[in-house]
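K.L.:
One structure coming up, written as structure tokens, with questions to follow.
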Amino acid sequence: MPYLDHAATTPMRDDVRAAMAPYHSERFGNPSGIHAAARIAKNAIEEARERIAAAIGAARPLEIVFTGGGTESDNLAVVGAALARNGGVVTTAVEHAAVLESARFLGRLGHEIVIVPVDSSGRVDPGDVVSAVTDRTAIVSVMTANNETGVIQPIGEVTRRIRSAGLPVTIHTDAVQAFASLPIRASDDGPDLITVSGHKIGGPKGIGFLFVRNGTELEPVIHGGGQELGRRSGTHDVAGIVGLAVAVEATVAERDRYAARVGAARDRFEHDLGSRIPIEVTAGEADRLVSHSHVRFPGIRAETLLVRLDLAGVAAAAGAACHSGAIATSHVLAAMGVAPDAAAESVRFSFGRDDDVAFGAEAARIVADVAGELS
Amino acid sequence: MRALVAMSGGVDSSVAAALMIEQGYDVIGVTLKQWVGPGGAMPTAGCCTVSDAEDARRVAAQLDIPYYVLDYVDEFTAAVVEPFGAAYLAGRTPNPCIECNRKVRFTALLERTAAFDADVLVTGHHARVERDDTGWHLRTAVDGTKDQSYVLHMLGQEDLSKIRLPVGEMTKTEVRRRAAAMGLRTASKPDSQDICFVTSGDYRDFLAERFPETALPGPVVDSAGEVLGEHGGVTGFTIGQRRGLGIAVGEARYVIDIDPAERKVAVGTREELLSDGCLVGDVSFIAGSPPLQPDVTVKVRYRSTAIPATLQRAGDRWEVRFADPQPAPAPGQAAVFYDSERVLGGGTIEEVIRS
């Protein structure tokens, strides 16, 4: 029963579940209190913060702000920076909805929004991003890698060129999809804000963090009791934070092995699938995450294929997951200039940490069998 | 054997799904997403709403069957919603559910039935599909008060060979009893009457918002052309309507004609409303060919009794002659021909015949 939808979510790691368990029972305290139960909880989240900071190379633990997940981190980054500096947003046409909708929200508030287009491989030109920045721009947000196609964006070069041009803007990257396989580091010359989500890397759902470089101006978007130095109010999800730290540490430690193993699974999948039936790998020539395979099946409706795969026990996706369960047209493919008909024939397969070459071959066999019946 | 069940979130389709499971089918539940409310979400009022789809999803989970929401918004908008407004602008009274069945729903569902490798398509309609040595037949429901054969008249032999309507064999009371016995959450859910894409409750508000020209005022006249008053848009009227005419005269008055070009609504006495028949276009016959005998009964509106009439070809249309004069039917509605309980076919009323 192949699960080929790790870009949507991943199964929780055993070590994560074990680490979280005590915080669902005896260590139940609210870290904001003054008693022993509170101290235990407070200690747990601060230890988690230190471990995550160390894992990503952040200079200070307090540069890690715990949030309710990737979407919330993106909202805090984009809305928070734009409000704090009362400026506009420069972003790309292929960002996750959490960034694009945050930008549109700011647009409705009167902030200047620039959406930079991408080329046919889904990649943004760093020069286009830099030239879109004006003295009214507060934040530039460019994802590390795309959630649908896996295409890796030149966030490093974008950052370098903005810095060397002396542009005083905050730089954000959504690294939710990339964190499992790419060396995401909080370096002095890297982005000021980095979004990471727990459940994409074997951690729990509903938890994530935003790396916030010390000194970066950020207006909170969730107001209340002033937790997280006022940057994110609300009682901490202590168990989630503990689980997140374990997932982050393990992911960083296993990254090289993950990239090799999962990449081999994905490559074998695409090779075997292509040898059985006609397919077009989206942005196949581009620099992509090893985990993602976005495939067009000419002449086969994605919706039909996904249902037939589901009935055969295979989980895959058409673009990003949509809350109603119906399939929406992908803004990512549209931005790449993919015709709507072709987009409607495209399916995303995404692999996870336990998948190897043999799994890739087996998955290809089943998908080819099902697709073969439809062509 | 695999069955694709169209689940609306109502009690009938819930029970239909359960009955197919009992019959040993592998059942797949689907809901067609046909309309989007503000912001692209599914509507929150009317049928086909978020909560209806959610009910369907929950029933599917309870029955432990796969369930999918399929996006037919573009097709539905083009084939049903736009013509809905256009029909009112042409002075007609459209039946969007029939247009949907004809142009979107069954086409889409039968196509999905094949694509999902299912053997039959199942809906919760109250009507019966039967087969004998002359072919497939569509009959009225066991529960005459819930009969929906009128909205299914456009189906043909090929369609019916794939369609099963298990709740048409049961009374509504039995359907609800079965649902309650199985603990289905939809057991006591009220029947839906609304047009699925009209979410505000009144189709006139919907039309005025989406097709502003339907809300332009015009004169209300009598049969001699004398102006009796003014109306707020022809969409507020249908042939035969008695209430809400906005005029005060002694005797009861009915809408007898709508002239969309002049935005004129003509009213008259019950006598003046009477008609001798109608011309029907877009006619199809269940058997694939017209009946041999001209004598039929006909329904010219949904919840009405079939009346005796004769059926004759008139060019590419069919002429229906009522045995006795009848209040004029509303162009845009369906005329459905019956031989006793059996549906022969039907089409769209295009013109009223007087004399």
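The values are calculated or read from the model by the stated rules, or taken from the named source; none is laboratory data. All values derive from a computational prediction rather than experimental measurement. With ideal geometry, Cβ positions are generated from the backbone for all residues, glycine too; neighbour counts draw on all protein chains shown.
K.L.:
Could you check residue B:252 against (1) part of a strand (DSSP E or B); (2) touching a helix residue (DSSP H, G or I) at 6+ places or on another chain (Cβ under 7 Å); (3) of a type in the set (A, V, I, L, M) and say which number it fails?
P.N.:
(1)
Here is a yes/no grid of residues against (1) aromatic (Phe, Trp, Tyr); (2) farther than 14 Å from residue B:91 by Cα; (3) not in a strand (DSSP E or B):
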{"position": "B:244", "(1), (2), (3)": "no, yes, yes"}
{"position": "B:257", "(1), (2), (3)": "no, no, no"}
{"position": "B:282", "(1), (2), (3)": "no, yes, no"}
{"position": "B:288", "(1), (2), (3)": "no, yes, yes"}
{"position": "B:292", "(1), (2), (3)": "no, yes, yes"}
{"position": "B:296", "(1), (2), (3)": "no, yes, no"}
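K.L.:
Being in a strand (DSSP E or B) and within 21 Å of residue B:90 (Cβ to Cβ), is that true of even one residue in the range B:304-313?
P.N.:
Checking the range B:304-313: not a single residue is in a strand (DSSP E or B) and within 21 Å of residue B:90 (Cβ to Cβ).
K.L.:
Which condition does residue B:123 not pass, out of (1) surrounded by fewer than 19 Cβ atoms within 10 Å (Cβ to Cβ); (2) closer than 30 Å to residue A:370 by Cα, if it passes all the others?
P.N.:
Only one criterion in (1) surrounded by fewer than 19 Cβ atoms within 10 Å (Cβ to Cβ); (2) closer than 30 Å to residue A:370 by Cα is unmet by residue B:123, namely (1).
K.L.:
Any idea which of A:367, A:357 is in contact (Cβ under 8 Å) with a residue 12 or more places away in the chain, out of contact with any strand residue (DSSP E or B) (no Cβ under 7 Å at 6 or more places or on another chain), among the β-branched types (Val, Ile, Thr) and surrounded by 23 or more Cβ atoms within 10 Å (Cβ to Cβ)?
P.N.:
On the way: A:357 fails: surrounded by 23 or more Cβ atoms within 10 Å (Cβ to Cβ).
Sole residue among the options that is in contact (Cβ under 8 Å) with a residue 12 or more places away in the chain, out of contact with any strand residue (DSSP E or B) (no Cβ under 7 Å at 6 or more places or on another chain), among the β-branched types (Val, Ile, Thr) and surrounded by 23 or more Cβ atoms within 10 Å (Cβ to Cβ): A:367.
K.L.:
Would you mind telling me which numbered condition in (1) under 28 Å from residue B:72 (Cα atoms); (2) free of Cβ contacts under 8 Å to residues at least 40 places away in the same chain; (3) within 25 Å of the chain's Cα centre (by Cα) residue A:341 fails?
P.N.:
Just one mismatch for residue A:341, condition (3).
K.L.:
Assess whether residue A:332 counts as being of a type in the set (Val, Ile, Thr), outside the structural domain of residue A:121 (by TED's automatic domain parsing) and within 30 Å of residue A:186 (Cβ to Cβ).
P.N.:
Yes; evaluated as a whole, the condition is true for this residue.
K.L.:
A follow-up question, please. So, in the range B:319-330, exactly how many residues are surrounded by 23 or more Cβ atoms within 10 Å (Cβ to Cβ) and part of a strand (DSSP E or B)?
P.N.:
We begin by selecting, within the range B:319-330, every residue surrounded by 23 or more Cβ atoms within 10 Å (Cβ to Cβ); these are B:320, B:328-330.
Remaining after also requiring part of a strand (DSSP E or B): B:320.
Looking only at that region, the number is 1.
K.L.:
Okay, next question. Looking at the range A:344-375, which of the residues that are within 19 Å of residue A:94 (Cα to Cα) and of a type in the set (A, V, I, L, M, F, W, C) is nearest to the other protein chains (Cβ to nearest Cβ)?
P.N.:
A:344
K.L.:
Right, next: Got a sec? Which strands (runs of 3 or more DSSP E) wholly within the range A:47-135 have at least 1 residues that are buried (at least 19 other Cβ atoms within 10 Å of the Cβ) and of a type outside the set (A, V, I, L, M, F, W, C)?
P.N.:
Passing ranges, in order: A:64-67, A:88-92.
K.L.:
Something else now. Scan the range B:152-192 for residues that are part of a helix (DSSP H, G or I) and at positive phi and jot them down.
P.N.:
Once the filter is applied, which keeps residues that are part of a helix (DSSP H, G or I) and at positive phi, the range B:152-192 yields nothing.
K.L.:
For residues that are in a loop (DSSP other than H, G, I, E, B) and at negative phi, tally how many sit in the range B:259-280.
P.N.:
Number of matching residues: 4.
K.L.:
Can I ask one more? Within the range B:226-238, work out how many residues are assigned to a loop (DSSP other than H, G, I, E, B) and closer than 14 Å to residue B:89 by Cα.
P.N.:
Going through the range B:226-238 one residue at a time, the tally reaches 4.
K.L.:
Out of the residues in the range A:288-307 that are in a helix (DSSP H, G or I) and of a type outside the set (S, T, N, Q), state the one that is farthest from the other protein chains (Cβ to nearest Cβ).
P.N.:
Of everything passing the filter in the range A:288-307, A:302 is farthest from the other protein chains (Cβ to nearest Cβ).
K.L.:
Spot the failing condition for residue A:195; the list is (1) assigned to a strand (DSSP E or B); (2) farther than 23 Å from residue A:89 by Cβ, and only one is missed.
P.N.:
Every listed condition holds for residue A:195 apart from (2).
K.L.:
Counting only residues that are over 26 Å from residue B:175 (Cα atoms) and of a type in the set (A, V, I, L, M), which one in the range B:109-130 is farthest from the other protein chains (Cβ to nearest Cβ)?
P.N.:
Among them, the one singled out is B:114.
K.L.:
Please go through the range B:7-33 and give me each residue that is modelled with pLDDT of 95 or more and within 12 Å of residue B:165 (Cβ to Cβ), ordered by number.
P.N.:
B:15, B:16, B:19, B:20
K.L.:
Kindly establish whether residue A:137 is on the phi < 0 side of the Ramachandran plot, touching a Phe, Trp or Tyr at 6+ places or on another chain (Cβ under 9 Å) and touching a residue at least 12 places away in the same chain (Cβ under 8 Å). Reasoning before the result, please.
P.N.:
Values: on the phi < 0 side of the Ramachandran plot: yes; touching a Phe, Trp or Tyr at 6+ places or on another chain (Cβ under 9 Å): no; touching a residue at least 12 places away in the same chain (Cβ under 8 Å): yes.
It is false that residue A:137 is on the phi < 0 side of the Ramachandran plot, touching a Phe, Trp or Tyr at 6+ places or on another chain (Cβ under 9 Å) and touching a residue at least 12 places away in the same chain (Cβ under 8 Å).
K.L.:
Tell me the residue from A:285, A:249, A:228, A:270 that is away from chain B (no Cβ under 14 Å) and exposed (fewer than 15 other Cβ atoms within 10 Å of the Cβ), please.
P.N.:
Values: A:249 fails: exposed (fewer than 15 other Cβ atoms within 10 Å of the Cβ); A:228 fails: exposed (fewer than 15 other Cβ atoms within 10 Å of the Cβ); A:270 fails: exposed (fewer than 15 other Cβ atoms within 10 Å of the Cβ).
Within the list A:285, A:249, A:228, A:270, the selection yields A:285.
K.L.:
Collect the residues in the range A:170-192 that are assigned to a loop (DSSP other than H, G, I, E, B), in contact with a strand residue (DSSP E or B) (Cβ under 6 Å, 6 or more places away or on another chain) and crowded, with 24+ Cβ neighbours inside 10 Å, keeping them in residue-number order.
P.N.:
Selection gives A:175, A:176, A:177, A:178, A:179, A:191, A:192.
K.L.:
Can I ask one more? Restricting to the range B:53-88, what's the tally of residues that are within 12 Å of another protein chain (Cβ to nearest Cβ), buried (at least 17 other Cβ atoms within 10 Å of the Cβ) and assigned to a helix (DSSP H, G or I)?
P.N.:
Result for the range B:53-88: 5.
K.L.:
Same structure again: May I ask you to list the residues in the range A:308-343 that are within 11 Å of chain B (Cβ to nearest Cβ) and modelled with pLDDT under 90?
P.N.:
Those that are within 11 Å of chain B (Cβ to nearest Cβ) and modelled with pLDDT under 90: A:318, A:322, A:323, A:324, A:325, A:326, A:327, A:328, A:329, A:340.
K.L.:
Which residue out of B:222, B:191 is at pLDDT below 90 and farther than 25 Å from residue B:129 by Cα?
P.N.:
B:222
K.L.:
Can you pull out the residues in the range A:1-46 that are of a type in the set (Phe, Trp, Tyr) and either surrounded by 18 or more Cβ atoms within 10 Å (Cβ to Cβ) or touching an Asp or Glu at 6+ places or on another chain (Cβ under 9 Å) (or both)?
P.N.:
A:3, A:23
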